[in-house]
Amino acid sequence: MYSEKVMDHFQNPRNVGVLPDADGVGEVGNMRCGDIMRLYIKIGKDETIEDIKFQTFGCGAAIATSSMITEIVKGMSLAEAEKVSNRQVAEELDGLPPVKMHCSNLAADALKAAIANYRENRGASS
Amino acid sequence: MQSVYLDHAATTPVREEVFAAMVPYLTEKFGNPSSLHALGREARRDIEEARGRIARELNASPQEILFTSGGTEADNIAIFGAVAGSKKPGKHLVTSAIEHHGVLHPFQALESRGYRLTVLPVDKYGLVDPGELEKVLSPETILVSIMQANNEVGTIQPIQELATLTRAAGALFHTDAVQSLGILPIDLQELPVDLLSASGHKLYGPKGIGFLYRRKGTKLGPTAFGGAQENSLRPGTENVAGIIGLARAVELAVAEQAETSKRLIYLRDKLIAGLTALPQVTLNGHPRLRLPGNVNVSVSRVEGESLILRLDLKGIAVSSGSACTSGALDPSHVLLAMGLNHQAAHGSLRLTLGRSTTEADIDYVLQVAPGIIEGLRQMSPIVD
């Protein structure tokens, strides 16, 4: 039911873990549905995503989309990264089963939450 | 790569003896049992003989066995049929919170048509309390349906007691025995049930065949129309090869029941001990009142579908009660009814053993599982 790309990212997820000195952390999902994603971002000069890591509790699609978004946005400017959509992440994985499109395809939302958190943190410190 | 099938509660392979018995009925003995010519008469004679053999194994009469397309159809005919055949003025129905959807959904459909439905709760092991049933039974009660053993957690219900109480109240008792027939001993002269559903493919028979046991004198109304087959309760040309296969499968399962059960209980308990020895892996269901082949555990901080996929990549076939695997938004209604929280239900893993299961299979699972669980936990944002 999953594409080869999904299975690849599920088996060999990229950028798993925690960034202890993260500039922004975003978490989406809930335990009722059974998917929780947390993204950590480190922002470098010119507001680019210098490093990104994820932790995910969820199904194959949840893990694969988390892994995929870290690959897509690493090195991107925040302005560009913000434009990445959940649909785009799914397309980069050669699609997801229809039932997974709404429940486990949340990685772009997690990224947006992490960017918002970074902006809040920066606003608070300046 | 090693291949280990531990999903026998989902389905089983057709046994060679069963397949061999079926083949002639798919080829040269292809007659329609309703035809008057020799080919038809032969098919009629052989399915009636098969009916008699199944009845004998369960200590029932041949006319008490109705062939169906499987467990779900048997459940539907029992439930809608009991309601259609009832002469009672009452409209009360009773079931339990852990039934298979083959039972729960027909009851919910009847509830939406104006019947009053009581869904009995279960305790943390998944057991129905007969005292709770006794409290809700009334002269208005038409039917009580409680499964003999649960498909997810394997808990075996006190059917004898539940059925006795139901009969004393003047209502019909149905049990879904899809997971237990051929696995637990069943004697229908001893077990006071009026209706019992069974399926072929859970006991090494083919898919697409099952039966409903209907005790003599139990009135069912027709729910499908178009033929006089199976006392007009299941109209349509009989699945002749399936019936022949089912009879052989039931005979073999009953003959080997005690020995298989003993072997599987040993393997089951070894698997349970090995898995629950891992940190934060807990058993779901009853430790003792449990199907011989059922293991169900919750793995904390890990989601079930991920576990299944990672185990599958190692050649191990299992299932889970997580929402992802049920195709629904919520995880297993059975585990939630037993009081598990959402995390524990999403992190559930069901491993069901069967004829082909060896000790080497169990050892392999116990060797592979810890690394997979650890790997997924390292990815998890959940902390204890």
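Legend: residues A:CYS59, A:CYS33, sorted from most to least accessible area (1.4 Å probe; ligands, DNA and RNA excluded), read A:CYS33, A:CYS59. Based on DSSP H runs of at least 4 residues, each adding -39500 (n - 2.57), what is the mean residue ellipticity at 222 nm of chain B after dividing by all its residues, to the nearest 500 deg cm²/dmol? Using -39500 (n - 2.57) per qualifying helix, the result is -13000 deg cm²/dmol. Between B:ILE65, B:PRO235, B:THR218, the Cα set farthest toward the positive side of the dipole of the protein assembly as shown (charges on each charged residue's Cβ, about the Cα centre) is that of B:THR218. Between amide H atoms placed 1.01 Å from N, distances below 5 Å from B:ILE316 occur with B:VAL4, all of them 5 or more places distant or on a separate chain.
Modelled spin-label separation between B:VAL23 and B:ASP123, with each label point placed 7 Å from Cα along the Cα-to-Cβ direction: 5.1 nm. Work out how much length A:ARG122 to A:MET31 would gain on full extension: take 0.36 nm times their residue separation and subtract the Cα-Cα distance, in nm to one decimal. Contour length minus Cα-Cα distance gives 29.8 nm. For the range B:16-252, the dipole from Cβ point charges (+1 on Lys and Arg, -1 on Asp and Glu) about the Cα centre works out to 740 debye, to the nearest 20. Among the listed pairs B:LYS124/B:LYS314; A:LYS53/B:LYS270; B:LYS87/B:LYS202; A:LYS5/A:LYS42; B:LYS87/B:LYS216, a Cα-Cα separation exceeding 29 Å is found for B:LYS124/B:LYS314; A:LYS53/B:LYS270; B:LYS87/B:LYS202.
Taking all protein chains together and rolling a 1.4 Å probe, B:THR282 ends up with roughly 80 Å² accessible. Multiplying the residue separation of B:GLN108 and B:GLU190 by 0.36 nm and subtracting their alpha-carbon distance yields 26.5 nm. What the Cβ-Cβ distance of B:ASN32 and A:ASP21 gives, at R0 = 56 Å and to the nearest 0.05, is a FRET efficiency of 0.15. For the range B:337-351, 3J(HN,Hα) computed residue by residue from phi via the Karplus equation (6.51, -1.76, 1.60; θ = phi - 60°) reads 5, 7, x, 5, 7, 4, 4, 5, 6, 5, x, 8, 9, 10, 10 Hz, glycine and proline entered as x. The range B:19-33 and the range B:266-304 have Cα centres separated by 42 Å. Per residue, chain B exposes 39 Å² of accessible surface when a 1.4 Å probe is rolled over the protein heavy atoms with every protein chain present. Classify chain A: rounded, prolate or oblate, from the alpha-carbon gyration tensor (a ≥ b ≥ c, eigenvalue square roots; a/c under 1.5 rounded; otherwise prolate if a/b is larger than b/c)? Here chain A falls in the prolate category. Residue-wise HN-Hα couplings along the range B:289-300, as the Karplus relation 6.51 cos²θ - 1.76 cosθ + 1.60 with θ = phi - 60° gives them from phi, are 7, 9, 4, x, x, 9, 10, 9, 10, 10, 10, 5 Hz; Gly and Pro carry x. Using a ≥ b ≥ c from the Cα gyration tensor of chain B (square roots of the eigenvalues), is it rounded, prolate or oblate, where a/c under 1.5 gives rounded and otherwise the larger of a/b and b/c decides, a/b for prolate? Oblate, since a/c reaches 1.5 and b/c is not below a/b. Using a cut-off of under 19 Å, list every residue of the range B:268-296 whose amide N is near the label point 7 Å from the Cα of B:ALA10 along the Cα-to-beta-carbon line. In the range B:268-296, the label zone of B:ALA10 (backbone N under 19 Å from the point 7 Å along Cα→Cβ) covers B:293-296.
Going 7 Å from the Cα of B:SER300 in the Cα-to-Cβ direction, what parts of the range B:343-384 have a backbone nitrogen less than 15 Å from that spot? Counting only backbone N, you get B:343-348, B:374, B:377-378, B:380-384. Counting only protein heavy atoms and a probe of 1.4 Å, the accessible surface of the range B:16-252 is 54% carbon and sulfur.
For a straight C-alpha distance cut-off of 13 angstrom, the aspartates and glutamates reachable from B:LYS91 (same-chain residues fewer than eight places away being disregarded) are B:GLU111, B:GLU140. Farthest toward the positive end of the dipole of chain B, out of B:PRO24, B:GLY347, B:THR260, is the Cα of B:PRO24, where the dipole comes from beta carbon charges about the Cα centre. Here is the interface size for B with A: some 1900 Å² of accessible area buried, both sides summed, with a 1.4 Å probe.
Label-to-label distance for B:VAL383 and B:LEU278 is 2.3 nm, based on points extended 7 Å past Cα in the beta-carbon direction. Sequentially through the range B:58-68, phi angles give Karplus couplings (6.51, -1.76, 1.60; θ = phi - 60°) of 10, 6, 10, 9, x, 5, 8, 9, 10, 6, 10 Hz, Gly and Pro residues having no value and appearing as x. Computed from the alpha carbon positions, the gyration tensor of the range B:245-366 leads to an equivalent ellipsoid with semi-axes of 26, 17, 15 Å, biggest first.
Which of the three applies to the protein assembly as shown, rounded, prolate or oblate, going by the alpha-carbon gyration tensor with a ≥ b ≥ c and a/c under 1.5 meaning rounded? Note, shape of the protein assembly as shown comes out prolate.
The values are calculated or read from the model by the stated rules, or taken from the named source; none is laboratory data. It should be emphasised that the depicted structure is a prediction, and the values quoted were computed from it without experimental measurement. Backbone-built Cβ (ideal geometry, glycine too); neighbour counts: all protein chains shown. Quick note on the areas: whole protein, heavy atoms, side chains included, nothing else; ligands and nucleic acids left out. Shrake-Rupley method; radii C 1.70, N 1.55, O 1.52, S 1.80 Å.
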